Amino acid sequence: MDRLVNCLKEQHISVTPQRLEILKNIISRYDHPSADSIYQEVRRHLPMISFNTVYKTLETFCQLGLITKINPLHEVARYDGNVAPHAHLVCTRCHKVEDFDWSWPDDIPLPDASPKGFKIESVSVQFFGLCQQCQQQ
């Protein structure tokens with residue numbers, strides 16, 4: 001818990017029970033949950049928390065780089081507590097999202113978008129296909 005408290009303090013945001021519980025929940029999960037799924041889990045420990053608090057907190061954490069938001073297949077946004085460079089495998093049938101240990105290869109340079117006034121800061125890679133379960137159906 002001390003690590004989570006320090007993580008929030010380093011970002012200069014108030015440490016509250018709600019923020020700690022939400023951060024603890026998201027970084028302990030690997031299923032790339034939606035805001036509603038996180039809300040349902042956090043509510044078990046903090047029954048009075050609102051969905052709005054969970055959603056706003058998740059968005060704040062994204063802005064601060066503590067977590068990432070992915071929006072595969074234009075579905076409901078999903079959240080990822082793993083901010084290390086990696087790709088995602090997205091099932092086009094069941095919409096399951098899994099981490100895939102693959103990062104942008106160092107020998108492929110990022111494109112220079114400066115003529116358009118855009119500075120590229122990161123790359124997000126998603127591979128789409130069928131998960132093993134959906135292939136067997």
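The values are calculated or read from the model by the stated rules, or taken from the named source; none is laboratory data. What you see is a predicted model, and the numbers here were worked out from it, not measured in a lab. Reconstructed Cβ throughout: ideal geometry from the backbone, glycine too, with neighbour counts over all protein chains shown. The area values use the complete protein model at the heavy-atom level, side chains included, leaving out ligands, DNA and RNA. Shrake-Rupley method; radii C 1.70, N 1.55, O 1.52, S 1.80 Å.
Descriptive notes on the structure:
- When SER50, SER34, SER28 are checked against the criterion of being within 26 Å of GLU98 (Cα to Cα), among the hydroxyl-bearing types (Ser, Thr, Tyr) and in contact with a Phe, Trp or Tyr (Cβ under 9 Å, 6 or more places away or on another chain), a single residue qualifies: SER34.
- Qualifying residue in the stretch 64-73 (condition: at pLDDT below 95, over 27 Å from CYS91 (Cα atoms) and not aromatic (Phe, Trp, Tyr)): yes
- If the condition is being open to solvent by less than 80 Å² (accessible area, probe 1.4 Å), closer than 22 Å to ALA77 by Cβ and among the polar types (S, T, N, Q), then the stretch 104-137 contributes only GLN126.
- Per-region count, the stretch 52-99, residues over 27 Å from GLN133 (Cα atoms), part of a loop (DSSP other than H, G, I, E, B) and open to solvent by less than 30 Å² (accessible area, probe 1.4 Å): 2
- Annotation note: of ALA77, ALA35, the sole residue that is closer than 30 Å to ILE13 by Cβ, of a type in the set (Gly, Ala, Ser) and in contact with a Leu (Cβ under 6 Å, 6 or more places away or on another chain) is ALA35.
- Within the stretch 64-83, the set of residues being of a type outside the set (Lys, Arg) and within 11 Å of the chain's Cα centre (by Cα) comprises GLY65, LEU66, ILE67, THR68, ILE70, ASN71, ALA77, TYR79, ASP80, GLY81, ASN82, VAL83.
- Filtered residue count, the stretch 40-51, keeping only those that are part of a helix (DSSP H, G or I) and open to solvent by 50 Å² or more (accessible area, probe 1.4 Å): 6
- Hey, ASP31 open to solvent by 70 Å² or more (accessible area, probe 1.4 Å) and closer than 15 Å to LYS69 by Cβ or not: yes
- Test for LYS24: is it surrounded by 14 or more Cβ atoms within 10 Å (Cβ to Cβ), in contact with a helix residue (DSSP H, G or I) (Cβ under 8 Å, 6 or more places away or on another chain) and without any contact (Cβ under 8 Å) to a residue 12 or more places away in the chain: no
- All positions within the stretch 1-21 that are in contact with a Leu (Cβ under 8 Å, 6 or more places away or on another chain), open to solvent by less than 50 Å² (accessible area, probe 1.4 Å) and β-branched (Val, Ile, Thr): VAL5, ILE13
- Scanning the stretch 83-98 turns up no residue that is of a type in the set (S, T, N, Q) and touching an Asp or Glu at 6+ places or on another chain (Cβ under 8 Å).
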